[in-house]
Amino acid sequence: MLSYDFFLAHAGPDSSVAERLYEQLSAETRVFLDSRSLLPGDDWSLELPRAQRLSRVTVVLVSAGVDTAFYQREEIAAAIQLAREVGTGHRVVPVYLEPPSDNVPYGLRLKHGLVVSERCSLSEVADRLLDLHRRLAAGPHIAPAPSAVSAPPPARSRAELVGDLFHRDPVVSVSAAARLSGTGPMVVADVIAHFARVAGRSEIGTVVAFAVRTLLSRFPEQSAPLMVERVLDAHRAWHVAAPLTQCFSARHRSFGAGTLARHLHDWEPDVVRLSIESLGYMADETWAHSIVDLLEPSDDYRFGKFASYAVAACARMLVFQETSHQFMESWSLPVAFSDVERLLSAVSETSRGRGIVHDSLRPVLAKCQPRHADYLITSWLVSDDETRRALAAWSLGQMRLHRSLPRLTDLVRDPDESETVVSEAAYALANIAGADAVTVLNELLSAVGDDDRRAGTVRAALVRCVQDAPDDDRFARCVAGLLARPPQEVCFVYRAIGVRRDDRFADELHRGLNSTEWQVRGQCALALARVEGAGAQIVLRRAYAQAGAAQERALSALALLSLDQEPPGDPELRQLRTDLASDSPQYLRLVTDDILQTLSASRHPRAAAIAQAWTDVYAEGVDY
């Protein structure tokens, strides 16, 4: 039985807007708003998730404040998961308090939302939400066919669903996690046991780890002790414990962190390594200093055993630490950065240190948030340490932080800067993208003169954002120059032609279909669909039939899908799902953007479910 019609999720600075919306909705509906609905003495960490589960619709107020609103982001993730669960009928409605930007939280991009503007006031938004309530109350909403793709057959047993949880296709595994979460905490033991059976015999990749973590985080009190037990047995069954550590989350902290911390000085180095890693995934910064101290004073043995684990763990504690108040961030962020910096200093003193730092920190710092940016810009980006400058540039590029463009530009322009830092800064500019980034990279390409190495770096970055050239003439000049001296990933030049829908280069796209590089053929197929539309269907059907590599076949299928032509029918969509599951988590952001955008825009009844299943999985990766 639902207790609320609407659950309002908002950032702290938007509380007054939430209050006004509450007033306008509550006259006719049951609305949950924390400031109005919680009673003195309520445990908000329990009551808020419970209220959201018992609501028909989560209304997310989206503003610039969402980037630093930890608990609102948790509510957004919970809402998206509830919407996926079969039988809940839960809806998620974004309400944009300002024009939507590129920083819309993952999961909301595919949801039709409402925008507060001069033409649509908050009162009118409330009226539209009330109209939605009336329609939902009038009768059950019949979900379209995607539900048939996103859920296994209803008659599947719990054992079969546990097996589905370990499927590499998120359409299967994420749906299985949703169904299993409804069976209660008893399923945890079955999942951990199955994990032990399959680990080592098959890869526990990004998709499976995401699905298992999603499920186990629902039952932290029951799952943490079983997971900890596996970690403490790592010296006997490493193949089980090692992949399981990435399934810990902050929700497990209260039920397992203390036990693992007591084993940081265990005599078994395998136990110590995975205890460090697990504490990092739990983001329990309480133990950061203890982890740092493991390498001080360092010797070759301890360094070789623990360094990469310690660096990554402290970085995760920095990136995912919970800070809900500004005064807390004013001291906690510098302290967390200092722990990472101490490790960087210790590691940099060894000959192997630099490689370990890059391998361990890059995927973690990819998840930095705007609240980390000021420290990265003012401290790391101007540091005397080359490694910190490179990592700061990488992280700012992953954040796609436009205000860091001038600082990154200075690094690329500096003739004395190392090639490592220049490369990271140039790719960061490309990842931020936009007309400003294209202009800067073009200017840099003209200024490097005879420095072929730096010119190659800038050209390789430019190819990834050239579609954002400020006008058609400059776009044409950029494309001509890049095709004249093609960088390694020239396939993205053809992609840019398709994104711009520039038919001046149609002949180039047709020639590209005969390339000896499958990346070029795949991008040309999708670009032709965008440029020529249905007129290219015969050529595209042939390209699909002759595609070799999984990514080429996937892009060719997307090209046909965007035309609403056959194929792809059901067999082709099943093949597309297989191709995406084979290596899709490793795709670059530009490719995953194409996948999600094409599937989301398609009128094929099953395409949207595939896009929805992959959205959160892609969010687990990095952008380039």
Mind checking whether some residue in segment 520-536 is surrounded by fewer than 16 Cβ atoms within 10 Å (Cβ to Cβ) and in contact (Cβ under 8 Å) with a residue 60 or more places away in the chain?
no
Counted residues in segment 452-475 being open to solvent by less than 10 Å² (accessible area, probe 1.4 Å) and outside any helix (DSSP H, G or I) come to 3
When the residues of segment 74-88 are narrowed to those that are at pLDDT below 80 and not hydrophobic (A, V, I, L, M, F, W, C), which ends up nearest to PHE32 (Cα to Cα)?
GLU74
Would you check if there is a residue in segment 170-183 being more than 26 Å from the chain's Cα centre (by Cα) and either within 30 Å of GLN575 (Cα to Cα) or open to solvent by 30 Å² or more (accessible area, probe 1.4 Å) (or both)?
yes
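Consider VAL62 carefully, then state whether it is in contact with a Lys or Arg (Cβ under 8 Å, 6 or more places away or on another chain), crowded, with 20+ Cβ neighbours inside 10 Å and farther than 21 Å from GLY89 by Cα.
So VAL62 fails the test.
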Any idea which of (1) more than 29 Å from the chain's Cα centre (by Cα); (2) on the phi > 0 side of the Ramachandran plot; (3) of a type in the set (A, V, I, L, M) is the one ALA447 doesn't satisfy?
(2)
Assuming GLY449 fulfils every condition listed in (1) more than 30 Å from GLN575 (Cβ to Cβ); (2) open to solvent by 60 Å² or more (accessible area, probe 1.4 Å); (3) in a loop (DSSP other than H, G, I, E, B) apart from one, which condition is it?
(2)
Give just the number: which of (1) within 29 Å of ASP266 (Cα to Cα); (2) among the charged types (D, E, K, R); (3) surrounded by fewer than 19 Cβ atoms within 10 Å (Cβ to Cβ) does ARG230 not satisfy?
(3)
Of all the residues that make up segment 572-624, how many are open to solvent by 30 Å² or more (accessible area, probe 1.4 Å) and among the hydroxyl-bearing types (Ser, Thr, Tyr)?
4
Among the helices (runs of 4 or more DSSP H) lying completely within segment 505-605, list those that include at least 1 residues that are under 18 Å from VAL171 (Cα atoms).
550-562, 570-583, 589-601
Within segment 382-398, how many residues are of a type in the set (A, V, I, L, M) and open to solvent by 20 Å² or more (accessible area, probe 1.4 Å)?
1
Candidates PHE210, PHE195 - the one that is free of Cβ contacts under 8 Å to residues at least 60 places away in the same chain, of a type in the set (Phe, Trp, Tyr) and assigned to a helix (DSSP H, G or I)
PHE195
Return the residue satisfying two criteria in turn: it lies in segment 401-419 and is at pLDDT below 90, touching a helix residue (DSSP H, G or I) at 6+ places or on another chain (Cβ under 7 Å) and surrounded by fewer than 18 Cβ atoms within 10 Å (Cβ to Cβ), and of such residues it is nearest to ALA373 (Cα to Cα).
HIS402
Given the criteria of a type in the set (S, T, N, Q), over 19 Å from the mean Cα position of the chain (by Cα) and surrounded by fewer than 22 Cβ atoms within 10 Å (Cβ to Cβ), does GLN551 qualify?
no
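Report the residue count in segment 238-254 for those that are within 18 Å of ALA199 (Cβ to Cβ) and open to solvent by 20 Å² or more (accessible area, probe 1.4 Å).
Here the count works out to 5.
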Could you check, for segment 333-356, whether at least one of its residues is farther than 30 Å from PRO13 by Cα, modelled with pLDDT under 90, under 24 Å from the mean Cα position of the chain (by Cα) and buried (at least 23 other Cβ atoms within 10 Å of the Cβ)?
yes
Please work out if LEU274 is touching a helix residue (DSSP H, G or I) at 6+ places or on another chain (Cβ under 6 Å), modelled with pLDDT under 90, within 19 Å of VAL364 (Cβ to Cβ) and open to solvent by less than 30 Å² (accessible area, probe 1.4 Å).
no
What about GLN488, is it within 30 Å of the chain's Cα centre (by Cα) and assigned to a helix (DSSP H, G or I)?
no
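Of all residues in segment 481-511, count the ones that are of a type in the set (Gly, Ala, Ser) and within 24 Å of ASN431 (Cβ to Cβ).
Here is the first cut: in segment 481-511, the residues of a type in the set (Gly, Ala, Ser) are 481, 484, 496, 498, 506.
Those still in the list that are within 24 Å of ASN431 (Cβ to Cβ) too: 481, 496, 498.
Total satisfying the criteria: 3.
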Out of everything in segment 491-546 that is among the charged types (D, E, K, R) and closer than 17 Å to GLN597 by Cβ, what residue ends up being nearest to the chain's Cα centre (by Cα)?
ARG495
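The values are calculated or read from the model by the stated rules, or taken from the named source; none is laboratory data. This is a predicted model, so every value here is computed, not measured. Counting neighbours? That spans all protein chains shown, and the Cβs are built from the backbone with ideal geometry, glycine included. Each accessible area value is taken on the protein alone, full model and side chains, heavy atoms only, with ligands, DNA and RNA left out. Shrake-Rupley method; radii C 1.70, N 1.55, O 1.52, S 1.80 Å.
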